[in-house]
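Following: one structure in structure tokens, then a few remarks.
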Amino acid sequence: PSETEKKYRIGFSQCTGDDDWRSTMLANMKRQMAFYPGSELIYKDARDNNDLQKEQIRELMKQGIDLLIVSPNEAQPLTRIVEEVFNKGTPVIVIDRKTSSMLYTSFVGADNQEIGRKAADYVGRLLHGKGNVIEVIGRPGSTPAIARQQGFSEGLVKFPSIKITSQVYGNWLKDDAEAELNKIKDKLTEADIVFAHNDLMALGAYEVYRKANINKKIRFIGVDGLAGPGGGMQLVNDKILDATLLYPTGGEAAIQTAFKILNRESFLKENILQTLVIDSANVESLLLQAEKINEQQRDIEKQQGLLERQRAIYKSQTILLEITITALVLVLVLGTVAFLSLHNNRKINRRLLASNKEILLQRN
């Protein structure tokens, strides 16, 4: 078999599979795996638990995986186990979130610092260089949250009249973001914009302001920009969010990079995915584009389904043909044995008849 036909086992350790963005990442990986029939993707969900994720990575190693894809729950706690896997000679692709070490084979993800800077630029233009911002940060210790916060802070340096009046940790979750913002209700009216590190928390912030009946015009900006129902693009289109920054999942890119590594082809150590601001100016065209891509994907999946059915039919026909040929061969063999046996019996009968005649002649 050629290199591309080799069968591999790829382990994927996800920090959590609870939100739509990570579900989309897994779906994109599975879709890409369809182009490598016979190879296997083994998925583990750590449910936001560092110790569970370490244990699951060890389980994947015991299962004899050829490559590990990992999205660390937190950078520091997962560094040692990722280094262990890498040092044992198993290639490691770090996706979305990094560890505190450079000991990995390849990284796939967007530049979170750049996302923070782009958000700051957009806020600066939206507020004409003057106003107040509430920042809803992701999970403490999570590398995307740290980088987005840093990039946003750096980007606002150009706008000295824009102040971050409050910062809360929403842990990437809508309910947590709502709970934390409700704790600073007295400061909500100070803000002109709420910048949340993902669309779920931005939606949570919108709900808090809506329920508080604050009449002041507040703008909401998120990150992720998923195209599906309830995703960031739809929220912008529905005028709930003013903007979202596209944060590609990197699912397809991770699988493509994995097979480049496994097939000993050239690959990049740092695969930085591009981002852009999605607002009322471009959201409709991007939603149409996403729908066309989904249609093409559905067509590909239908064709793959037909191909699998054709393979199954071909396999059953091959088995049937093999059984038929085997039966024919058996019939031929048994026929030959029967013919030879009959021929030998006739020869024996002729000899017996001749012997009987001689005995009768001698007796007479």
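The values are calculated or read from the model by the stated rules, or taken from the named source; none is laboratory data. Bear in mind that the values here come from a model prediction, so they are computed numbers and not experimental data. Backbone-built Cβ (ideal geometry, glycine too); neighbour counts: all protein chains shown. For the accessible areas, the whole protein counts, side chains as well, though only heavy atoms, and no ligand, DNA or RNA atoms are used. Shrake-Rupley method; radii C 1.70, N 1.55, O 1.52, S 1.80 Å.
Yes/no matrix, rows are residues, columns are (1) farther than 30 Å from ALA34 by Cβ; (2) touching a Ser or Thr at 6+ places or on another chain (Cβ under 6 Å); (3) part of a helix (DSSP H, G or I); (4) open to solvent by 90 Å² or more (accessible area, probe 1.4 Å):
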position	(1), (2), (3), (4)
ILE300	no, no, yes, no
GLN303	no, no, yes, yes
GLU308	no, no, yes, yes
ASN349	yes, no, yes, no
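Examine region 283-294 for a residue that is in contact (Cβ under 8 Å) with a residue 40 or more places away in the chain, in a helix (DSSP H, G or I) and open to solvent by 100 Å² or more (accessible area, probe 1.4 Å), and state whether such a residue exists.
Yes.
Are any residues in region 1-32 open to solvent by 20 Å² or more (accessible area, probe 1.4 Å), in a helix (DSSP H, G or I) and either among the aliphatic types (A, V, I, L, M) or more than 21 Å from ASN294 (Cα to Cα) (or both), and if so, which ones?
GLU3, THR4, GLU5, LEU26, ALA27
Within region 48-85, take every residue that is open to solvent by 60 Å² or more (accessible area, probe 1.4 Å) and touching a Gly at 6+ places or on another chain (Cβ under 8 Å) and give me the one that is farthest from TYR8 (Cα to Cα).
GLN76
Looking at ARG80, is it without any contact (Cβ under 8 Å) to a residue 12 or more places away in the chain and at negative phi? Show your work before the answer.
Numbers: without any contact (Cβ under 8 Å) to a residue 12 or more places away in the chain: yes; at negative phi: yes.
Against the criterion (without any contact (Cβ under 8 Å) to a residue 12 or more places away in the chain and at negative phi), ARG80 qualifies.
Does GLY38 meet the test of being assigned to a loop (DSSP other than H, G, I, E, B), free of Cβ contacts under 8 Å to residues at least 60 places away in the same chain and farther than 26 Å from ALA110 by Cβ?
Values: assigned to a loop (DSSP other than H, G, I, E, B): yes; free of Cβ contacts under 8 Å to residues at least 60 places away in the same chain: yes; farther than 26 Å from ALA110 by Cβ: yes.
Taking the combined requirement at face value, the residue satisfies it.
When you look at ARG97, is it surrounded by 17 or more Cβ atoms within 10 Å (Cβ to Cβ), assigned to a helix (DSSP H, G or I), of a type in the set (Lys, Arg) and touching a strand residue (DSSP E or B) at 6+ places or on another chain (Cβ under 8 Å), yes or no?
In short, no.
Determine which member of the set SER280, SER355, SER316 is over 46 Å from the mean Cα position of the chain (by Cα), more than 23 Å from ILE95 (Cα to Cα), surrounded by 10 or more Cβ atoms within 10 Å (Cβ to Cβ) and of a type in the set (Gly, Ala, Ser).
Just a single option satisfies the conditions, and that option is SER355.
Among the residues that make up region 214-223, is at least one of them more than 30 Å from ILE10 (Cβ to Cβ), among the small types (Gly, Ala, Ser) and touching a residue at least 60 places away in the same chain (Cβ under 8 Å)?
The answer is no; no qualifying residue exists.
Residue by residue, here is whether (1) open to solvent by 10 Å² or more (accessible area, probe 1.4 Å); (2) at pLDDT below 95; (3) within 25 Å of GLY116 (Cβ to Cβ) holds:
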site: ALA253; (1), (2), (3): yes, no, yes
site: ALA258; (1), (2), (3): no, no, no
site: GLU265; (1), (2), (3): yes, no, no
site: GLN274; (1), (2), (3): yes, yes, yes
